[in-house]
1. Provide a single number: the residues in region 73-120 that are among the polar types (S, T, N, Q), surrounded by 21 or more Cβ atoms within 10 Å (Cβ to Cβ) and at pLDDT below 95.
2. Taking the residues in region 128-182 that are free of Cβ contacts under 8 Å to residues at least 40 places away in the same chain and among the small types (Gly, Ala, Ser) as candidates, determine which candidate is farthest from Asp53 (Cα to Cα).
3. Name every residue in region 154-205 that is within 18 Å of the chain's Cα centre (by Cα) and charged (D, E, K, R), in order of residue number.
4. Scan region 17-50 residue by residue and report those that are assigned to a loop (DSSP other than H, G, I, E, B), among the hydroxyl-bearing types (Ser, Thr, Tyr) and buried (at least 19 other Cβ atoms within 10 Å of the Cβ).
5. Looking only at region 80-115, which residues are under 23 Å from Glu151 (Cα atoms), in a helix (DSSP H, G or I) and either of a type in the set (Lys, Arg) or touching a residue at least 12 places away in the same chain (Cβ under 8 Å) (or both)?
6. Being under 24 Å from Ala118 (Cβ atoms) and part of a loop (DSSP other than H, G, I, E, B) is true for just one of Pro200, Pro180, Pro169, Pro164. Which residue is that?
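The values are calculated or read from the model by the stated rules, or taken from the named source; none is laboratory data. Here the structure is a predicted model, which is why all the values come from computation and not from measurement. Cβ: placed from backbone, ideal geometry, glycine included. Neighbour counts: every protein chain shown.
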Amino acid sequence: MSDFFAVVHRQRACRSFRPEPVDEQVLAAVLGAATMAPSAENRQPWTFVVVTDEDSRARIGDLTRRAWRGGARTFSESRLAPTLLAEVDHGAEGGISAAPVLIVVGGDTSLGHEGAMAASIFPAVQNLLLAATACGLGSALTTLTTAFAAELRDLVGLPEHVLPMAVVPLGWPTRSLGPPRRQPLEAKAHRESYGAPWIPRGSPA
C-alpha cells in the first residue's frame with residue numbers, strides 16, 4: 001500500500017484513459033474507501049452508481065459536452081492557462097466519458113439536509129480519489145454533468161430524493177500524470193490572523 005503522504009502529493013485530475021477495464025475487486029477497494037469518509041451525524045448519505053455500459057457512458061458524455069459547450073467553456077477560457085484549458089476541453093469533449101468506469105455520486109436527502117449535503121458527499125469523493133491514486137488509477141472530480149441533473153438522474157435511475165452531485169471517471173491513465181501544481185503552503189496558511197504566513201517554527205529563514 002502506498003504511503004499516505006506520497007499518495008496525497010501525486011493525486012491529480014486525469015482526463016485521458018486507456019480502454020482496459022478495471023478489475024471489480026479494485027473498484028470494491030476504491031468504493032470501500034469512499035464509504036469510510038466522515039458525514040454529518042454519521043448518516044452516510046452517499047450513493048454510488050457504477051456505470052460501465054458503453055452506451056450509458058456515452059450518454060453521460062453527451063450531457064457533459066452539452067454543459068461544457070453551453071457556457072462552461074466560455075467561463076473557463078479567460079481563467080485557465082491554454083494548456084490546462086486544452087486538457088479540460090479534451091476531458092469535457094469525450095475524454096472523461098471514455099473512461100471504462102464512470103461513478104455517478106448521489107446525495108440521499110432522506111439521510112441528510114439538502115443544504116448540507118456537500119459537506120458529507122465530497123469528503124467521500126476525496127477518499128475515492130485518493131484510493132484510486134493509491135491503486136494506480138486515474139480519476140477526476142467533475143460536476144459539469146449535474147447541470148442536467150434531471151436527465152442524469154433518469155439515465156442512472158436515481159429516485160427523486162437522491163441528488164446527482166458528481167461524476168467521477170476511473171480508469172488507467174494514458175500517461176504518467178506527475179505531481180499536481182500547487183502554491184506553496186505559506187501562501188495559503190496563516191498564523192493567528194490572516195496575512196501572517198504560517199511557517200513551521202524552526203524552519204530556515
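1. So the count comes out to 1.
2. Residue satisfying both the conditions and the ranking: Ser176.
3. Arg181, Arg182 - these are the residues of region 154-205 that are within 18 Å of the chain's Cα centre (by Cα) and charged (D, E, K, R).
4. The answer is Ser39, and nothing else.
5. Filtering region 80-115 for residues under 23 Å from Glu151 (Cα atoms) gives 88-115.
Pick out the ones that are also in a helix (DSSP H, G or I) and you get 88-95, 114-115.
Correct list: Val88, Asp89, His90, Gly91, Ala92, Glu93, Gly94, Gly95, Glu114.
6. Values: Pro200 fails: under 24 Å from Ala118 (Cβ atoms); Pro169 fails: part of a loop (DSSP other than H, G, I, E, B); Pro164 fails: part of a loop (DSSP other than H, G, I, E, B).
Sole residue among the options that is under 24 Å from Ala118 (Cβ atoms) and part of a loop (DSSP other than H, G, I, E, B): Pro180.
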